[in-house]
Amino acid sequence: MITTWGYELPENGSLPPLLTMADYNALTAGKYSGDVRIQPNLEAACAAIRNYCGWHISPALPCRFAERLLFGNGRIKAVYDNFVIQLPATFVSEILSVKIGGEDFSDYALDHGGILHLFSVPVCKINKRTEVVVEYVAGIDPGMMDAIRELVAHRITHALASSNGIQSETAGGVSITYSANWTNSARSTALADDNKEVLQPYRLEGVF
């Protein structure tokens, strides 16, 4: 699956949601159970969060990144004969393989945040046509997703309540009071500043 985030994921049709319908009903004590608006709002909220963070977030999946060594999209930085690659994902747990110009390369190290260092790349491999391909595993374990699941539930509940003109809402463990301005935005994709603060630890930083 080619993503909009600059890397590929396995061809499995679609990503699983960050929050399931069962999770949502549990978080809201089943208050909206059976509401046909939940599913489209759930999908929209998940897409908005993933797009804001700049990568798929969860679950942990094999990923593939490919870029020209010298004329790519800016995620590879040369430091003499060493190269630094800012992989387009965070929570990178494993590097499966690195290939330079189609050949395996093993002299590398992974730092936190998805920064990959390639050491002493042979000069013969450094030209404008050389492609670097990195296969790696990235994503958050479902057991560590409580904050994001709660945020998705918040966005859905906000959308459902606001579309009915409700000013405040309590459903299970999710309690919301809406300001007049925020009530006017009933979209599950409208991420408020406090939503973005929750997502900051999961957001991919910009390229070099």
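Summary of computed values
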quantity: Sole residue being closer than 30 Å to residue 190 by Cα and over 16 Å from the mean Cα position of the chain (by Cα), chosen from 110, 116, 160; calculated: 160
quantity: So residue 51, is it under 18 Å from the mean Cα position of the chain (by Cα) and polar (S, T, N, Q); calculated: yes
quantity: Residue count for the stretch 177-195, restricted to those that are modelled with pLDDT of 85 or more, part of a helix (DSSP H, G or I) and surrounded by 16 or more Cβ atoms within 10 Å (Cβ to Cβ); calculated: 1
quantity: Considering residues of the stretch 1-36 that are free of Cβ contacts under 8 Å to residues at least 24 places away in the same chain and not in a loop (DSSP other than H, G, I, E, B) only, the residue surrounded by the most Cβ atoms within 10 Å (Cβ to Cβ); calculated: 25
quantity: Considering residues of the stretch 89-115 that are part of a strand (DSSP E or B) and in contact (Cβ under 8 Å) with a residue 40 or more places away in the chain only, the residue surrounded by the most Cβ atoms within 10 Å (Cβ to Cβ); calculated: 92
quantity: From 152, 198, 174, residue being surrounded by 18 or more Cβ atoms within 10 Å (Cβ to Cβ), at pLDDT 85 or above and within 24 Å of the chain's Cα centre (by Cα); calculated: 152
quantity: In the stretch 123-139, the residues that are more than 21 Å from residue 91 (Cα to Cα) and surrounded by 12 or more Cβ atoms within 10 Å (Cβ to Cβ); calculated: 125, 126, 127, 130, 131
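The values are calculated or read from the model by the stated rules, or taken from the named source; none is laboratory data. On a predicted model such as this, the values are computed, not experimentally measured, just so you know. Note that we place each Cβ from the backbone using ideal geometry, even for glycine, and neighbour counts take in every protein chain shown.
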